[in-house]
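**Student:** The structure under discussion is supplied below as structure tokens; questions concerning it will follow.
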């Protein structure tokens, strides 16, 4: 059994495409859980149209996205658990079947693949993760394109002291405890790489990543990273959104993605 979890809040414009992406999967043994944060915009009414096709559905106030995700984890039973939150979609209807067309060793605790990043007005970029190794892997994965071992994630859950990076902290805990990460050369999901981001979130996210990595506030690595993040925030604040989005798209496409390809050659 594969558990797919969607958490949402006031996402009437995006929730249905996510639900349809999950329900359209050709893989037959899927447990689908939706946790809504007491939406007031009609999201709940959309979800209820599909209630008979869900394994579990709850709508109630929560303490944030990771609290909602923990609630869903507690209700899950799957061998593997994936989070495809509102606005995210699987890349096609066969992707879960393709990922699990093979068996995995018992020491594999995270299965991960590639992701399509969508940039407003700039199209999409496929970001590949086939060269991730060692202490970098847990900070680069997108939870939309990962499947975590069910027993492991039900035991660890997400640490709520992290508002934006609790998934990275979870992957880091798995890595520190010797869990293996298995890459599959498959594009698994689509997610919006720009919309919804804010300057405050970027700084918070950077600081949480630095704390997870154990970087001292006085370390040169953290100071230099903070400077680069401040530059990004400055550009976000002064540039029109379409120009900022284009710069981020070019960075990912030409630096992140092509750097990965160069390393493989």
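**Student:** With 81, 95 as the choices, which residue is within 21 Å of the chain's Cα centre (by Cα), closer than 25 Å to residue 159 by Cβ, modelled with pLDDT of 95 or more and surrounded by 15 or more Cβ atoms within 10 Å (Cβ to Cβ)?
**Tutor:** Numbers: 95 fails: closer than 25 Å to residue 159 by Cβ.
The unique qualifying residue is 81.
**Student:** Determine which single condition residue 162 fails, assuming it passes every other condition in (1) under 27 Å from residue 36 (Cβ atoms); (2) modelled with pLDDT of 95 or more.
**Tutor:** Single failed check for residue 162: (2).
**Student:** Here's something else I'd like to know. Going residue by residue through the stretch 156-167, is there one that turns out to be crowded, with 20+ Cβ neighbours inside 10 Å, in the same structural domain as residue 108 (by TED's automatic domain parsing) and not in a loop (DSSP other than H, G, I, E, B)?
**Tutor:** So far as the stretch 156-167 goes, yes, one or more of its residues are crowded, with 20+ Cβ neighbours inside 10 Å, in the same structural domain as residue 108 (by TED's automatic domain parsing) and not in a loop (DSSP other than H, G, I, E, B).
**Student:** Then there is this: Is it the case that some residue within the stretch 90-108 is farther than 18 Å from residue 171 by Cα and assigned to a strand (DSSP E or B)?
**Tutor:** Yes - at least one qualifying residue is present in the stretch 90-108.
**Student:** Give the stretch 11-38 a look and list any residue that's free of Cβ contacts under 8 Å to residues at least 60 places away in the same chain, part of a loop (DSSP other than H, G, I, E, B) and surrounded by fewer than 16 Cβ atoms within 10 Å (Cβ to Cβ), or say none.
**Tutor:** 13, 28, 29, 38, listed by residue number.
**Student:** Identify, from the list 220, 239, 235, the residue that is more than 24 Å from residue 141 (Cβ to Cβ), out of contact with any strand residue (DSSP E or B) (no Cβ under 8 Å at 6 or more places or on another chain), at pLDDT 85 or above and not assigned by TED's automatic domain parsing to the domain that holds residue 127. Give the steps one after another, and end with the answer.
**Tutor:** Working: 239 fails: at pLDDT 85 or above; 235 fails: at pLDDT 85 or above.
Answer to the selection: 220.
**Student:** Among the residues of the stretch 23-50, count how many are within 20 Å of the chain's Cα centre (by Cα) and within 24 Å of residue 61 (Cα to Cα).
**Tutor:** Within the stretch 23-50, residues that are within 20 Å of the chain's Cα centre (by Cα) and within 24 Å of residue 61 (Cα to Cα) number 7.
**Student:** Another question about this same structure. Within the set of pairs 6+ apart or on separate chains, which have a first residue in the stretch 50-68 that is over 14 Å from residue 157 (Cβ atoms), a second that is in a loop (DSSP other than H, G, I, E, B), and C-beta atoms under 6 Å apart?
**Tutor:** Listed by first residue and then by second, the contacts come to 59/38; 60/38; 61/38.
The values are calculated or read from the model by the stated rules, or taken from the named source; none is laboratory data. It should be emphasised that the depicted structure is a prediction, and the values quoted were computed from it without experimental measurement. As a convention, Cβ positions derive from the backbone with ideal geometry for all residues, glycine included, and neighbour counts pool all protein chains shown.
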